[in-house]
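A.B. asks: First the structure, which I've put down as C-alpha cells, then a few questions once you've had a look.
Rule-based calculations on the coordinates, nothing more; no lab input. It should be emphasised that the depicted structure is a prediction, and the values quoted were computed from it without experimental measurement. Here the Cβ is made from the backbone with ideal geometry for all residues, glycine too, and neighbour counts use every protein chain on show.
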Amino acid sequence: MEKIKVSLGENSYYIYIGYHLEKIKREIEKLNFGNKFVILSDKNVFKLYGEIIKKTLENKTVHCIVLSCGEKQKNFNNVLKIINQLVKFKINRDDTIINLGGGVINDIGGFVSSIYMRGIKYISIPTTLLAQVDASIGGKTGINLKFGKNLIGTFYQPSLVYIDLNTLDTLPYREIKQGIAELIKYGVIKNEKIFETLEKVKLKELKDNYEFLVKESVKVKVDVVEKDEKEKKGLREILNFGHTLGHGIEITNIKKFSHGDAVCLGMIGESYIAFKKGLCDNDVYIRIKNLGRKFKLKTSFEKLDLKKVVEFMRYDKKIKKGNLRFVLPEKIGKVIPGVEIDEIEIIKILEEIKKNEKN
Ligand SMILES: NC(=O)c1ccc[n+]([C@@H]2O[C@H](COP(=O)([O-])OP(=O)(O)OC[C@H]3O[C@@H](n4cnc5c(N)ncnc54)[C@H](O)[C@@H]3O)[C@@H](O)[C@H]2O)c1
Ligand SMILES: [Zn+2]
C-alpha cells in the first residue's frame, strides 16, 4: 500500500494506492470520524462495490444514496436530491460522506460536501482510471449547467482518497482509455518514465503496470496542486496540455468525441504546433501519436472542422481575435506554459496535419 501525502496546510490529507478496499476500515478508524457515514455512488458502482464498503463499516451507521450513471447526473436537481436525503438521515458536521465511483460521483459528491451545512468531511474512493489519476486529486468539485460543463463548483479537499486498483478490473476498456489519455499527458508534462512505460507495455499487460502508472501520475498532479491549490498562480496551467485544443475538439464536433479521444487529438495537435514553432523535435509528435494509436484513442484529424475548433478556443478563452495560449512540449517530460500563437497560424499548422495524413 503506497501512501502519498498532499500537503496543503490544514487541508492536508493522504492518498492511499493499493489493492484491498476492505483495508480502508483501518484508515477510516485512524481519522476518528465518528459513527455516521453516507455512501454516495452510482448504480453500476454500488452494485459492484457498495456491499464491500458497507460491510467494512458494519459497526457504524451507514446510509446510501445511489444515483443513475453518467455525465447527465452532474446536475442541480441531484444536488438538491442528495441534500434532502442528508437532511432526512439527520447528517451533520460530525458525519462523513464517502464518494464511491468515477469522476461524476467525485465531482457532485465533493460539491455537496462543500456546501451542506457550510461544509462536511468527505472521503473519495475513485473507481475509474480517470478519477484515480485526475478527478479525485486536487479538490475541484462541480456540476454542469445546460450552458456548459462544471460552471458551478468549489475547491474543497477530501479527508482521504483511497484508490483500490482492483476496481479497474470491472471497468470496460472504453472507460480505461479515458484515463490513459491523462496518463500520456502526465508523461509529457513531467514524467518521461510514465510515457516510456506506456510505450513499452503490451496492451494485455497494462494491468501489471497500473500501480506504477497511477502512483506516478498522482504524484505529478499532487505536486502541481500543492504549489497552486486554488489555481491562482497559473501553475496548474501545465495540466492543460492537450486540453486547450482538446476542449475545442470535444465541444465543436457533431460526431461526438469522448474526453479521452479529444485530449489525445489535442496532444497530437499541440505537439505538432510545438514542432513547427521549433520548440521540440518531430519525434515528440510521432511518439504521442503512436501511443494514442496503440491504446485505440482517436488520432486522425480528417473529420475535424478546424476553423470551428479554433473559433471555439477563442470564445472559450474570451479572446477577441489574435493570439491563443498553449502549453507546449519541449521534450517528453517537459513543457513550456503560456506560449502565445496567432490563431491563423494555428489553423495553418493543423491543416498541415490533415494534409500529411492523406499522403
Ligand atoms: N474534479 C476534477 O478535477 C476533474 C478532473 C477530470 C475529470 N473530472 C470529471 O470527471 C467526470 C468523468 O469521470 P469518469 O470518466 O470517471 O466518468 P463516470 O464517473 O461517469 O464513470 C464512467 C462509467 O464507468 C462506470 N464505472 C465507474 N467505476 C466502475 C468500475 N470500477 N467498474 C465498472 N464500471 C464502473 C460508471 O458507472 C459510469 O457508467 C467528468 O464529469 C469530468 O468533468 C473532474
Ligand atoms: Zn482531461
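A.B. asks: How big is the Rg/Rh ratio for the range 40-138, C-alpha atoms only, Rh by Kirkwood, two decimals? Write out the running numbers ahead of the final one.
C.D. replies: Values: Rg = 12.6 Å, Rh = 13.5 Å.
In the range 40-138, Rg relative to Rh is 0.93.
A.B. asks: Place a +1 charge on the Cβ of each Lys and Arg in the range 176-358 and a -1 charge on the Cβ of each Asp and Glu, then give the dipole magnitude about the Cα centre in debye, rounded to the nearest 20. List each step's numbers first, then the result.
C.D. replies: Working: 41 positive and 31 negative charges, 81 e Å.
Rounded to the nearest 20 debye, it is 380 debye.
A.B. asks: Place a +1 charge on the Cβ of each Lys and Arg in the range 2-171 and a -1 charge on the Cβ of each Asp and Glu, then give the dipole magnitude about the Cα centre in debye, rounded to the nearest 20. Please list the in-between numbers first.
C.D. replies: Details: 23 positive and 15 negative charges, 103 e Å.
Taking the Cα centre of the range 2-171 as origin, the dipole is about 500 debye.
A.B. asks: Using amide H atoms built in the peptide plane, which far-off residues or other-chain residues are under 5 Å from Val38 H to H?
C.D. replies: His63, Thr96, Ile97, Ile98
A.B. asks: Which one of Phe301, Asn323, Leu206 is farthest out on the positive end of the charge dipole of the range 176-358, using unit charges on Cβ (Lys, Arg +1; Asp, Glu -1) and the Cα centre as origin?
C.D. replies: Phe301
A.B. asks: Here's another thing I want to ask about it. Amide H neighbours of Glu330 under 5 Å, counting only residues 5+ apart in sequence or on other chains, H built in-plane at 1.01 Å?
C.D. replies: Correct list: Val335, Ile336.
A.B. asks: Just to be sure I understand: of the beta bridges DSSP finds with both ends in the chain, what percent are antiparallel, rounded to 5?
C.D. replies: On the way: 17 of 42 bridges.
Roughly 40 percent of the DSSP beta bridges within the chain come out antiparallel.
A.B. asks: Considering only DSSP beta bridges whose two residues both sit in the range 2-171, what percent are antiparallel, to the nearest 5? Walk me through the numbers before you get to the answer.
C.D. replies: On the way: 10 of 35 bridges.
For the range 2-171, the DSSP antiparallel bridge percentage is about 30.
A.B. asks: Sticking with this structure for a sec: Per residue of the range 126-143, what does 6.51 cos²θ - 1.76 cosθ + 1.60 with θ = phi - 60° give for ³J(HN,Hα)? Whole Hz please, x for Gly and Pro, Karplus curve as stated.
C.D. replies: Taking θ as phi minus 60°, the curve returns x, 10, 10, 4, 4, 5, 5, 9, 9, 4, 8, 10, x, x, 7, 10, x, 9 Hz for the range 126-143.
A.B. asks: With r defined as the distance between the Cβ atoms of Asn84 and Lys227 and R0 fixed at 56 Å, what FRET efficiency is calculated, to the nearest 0.05?
C.D. replies: Details: r = 38 Å, r/R0 = 0.69.
Efficiency, from the Cβ-Cβ distance: 0.90.
A.B. asks: Name the longest site-free stretch of the chain, where the excluded sites are GluC sites (Glu not before Pro) in a DSSP loop with no more than 11 other beta-carbon atoms within 10 Å. Walk me through the numbers before you get to the answer.
C.D. replies: Numbers: sites that count: Glu58, Glu302.
Result for the longest clean stretch: 59-301.
A.B. asks: Just need the relative contact order of the chain here, percent rounded to a whole number, with Cα pairs under 8 Å and 6+ apart. Each step should come with its number before you reach the end.
C.D. replies: Working: 644 pairs, mean separation 48.7, N = 359.
Rounded, it is 14 percent for the chain.
A.B. asks: Still on this model: List every residue whose amide H lies under 5 Å from the amide H of Leu324, counting only residues 5 or more places away in sequence or on a different chain, with H placed 1.01 Å from N in the peptide plane.
C.D. replies: Counting only residues 5 or more places away or on other chains, the set is Ile341, Asp342, Glu343.
A.B. asks: For the residues Arg325, Arg314, what sequence is obtained by ranking on other C-beta atoms within 10 Å, fewest first?
C.D. replies: Values: Arg325 15, Arg314 18.
Ascending number of Cβ neighbours within 10 Å: Arg325, Arg314.
A.B. asks: Considering the range 176-358, what Rg and Dmax in Å follow from its alpha-carbon atoms?
C.D. replies: Considering the range 176-358 through its Cα atoms, Rg and Dmax are 15.6, 48 Å.
A.B. asks: I'd like the Karplus ³J(HN,Hα) series for the range 98-113: coefficients 6.51, -1.76, 1.60, θ = phi - 60°, whole numbers in Hz, and an x wherever there's a Gly or Pro.
C.D. replies: Once rounded to whole Hz, the list reads 10, 8, 10, x, x, x, 5, 5, 4, 6, 6, x, x, 5, 4, 4.
A.B. asks: Quick one: Debye curve from the C-alpha atoms of the range 212-255, no solvent, what's log10 I(q)/I(0) at q = 0.14, 0.26, 0.29 Å⁻¹?
C.D. replies: -0.46, -0.88, -0.95
A.B. asks: Can you list the chymotrypsin sites (Phe, Trp or Tyr not before Pro) in the range 89-187 that are in a DSSP coil and have 10 or fewer other beta carbons within 10 angstrom?
C.D. replies: Working: sites: Phe89, Phe111, Tyr116, Tyr122, Phe147, Phe155, Tyr156, Tyr162, Tyr173, Tyr186; in loops: Phe89, Phe147, Tyr156.
Passing sites in the range 89-187 are Phe147.
A.B. asks: Using the alpha-carbon centroid of each, what span in Å lies between the range 280-359 and the range 164-180?
C.D. replies: 27 Å
A.B. asks: If you place +1 on the Cβ of every Lys and Arg, -1 on the Cβ of every Asp and Glu, and leave all else neutral, what size is the dipole of the chain about its Cα centre, to the nearest 20 Debye?
C.D. replies: 720 debye
A.B. asks: For the range 200-215, in order, what is each residue's ³J(HN,Hα) by Karplus, 6.51 cos²θ - 1.76 cosθ + 1.60 with θ = phi - 60°, in whole Hz (x at glycine and Pro)?
C.D. replies: My calculation for the range 200-215 gives 6, 5, 7, 3, 5, 9, 3, 3, 5, 9, 3, 4, 5, 5, 5, 4 Hz in order.
A.B. asks: Then there is this: Distance between the C-alpha centers of the range 1-54 and the range 120-138? Whole Å please.
C.D. replies: 10 Å
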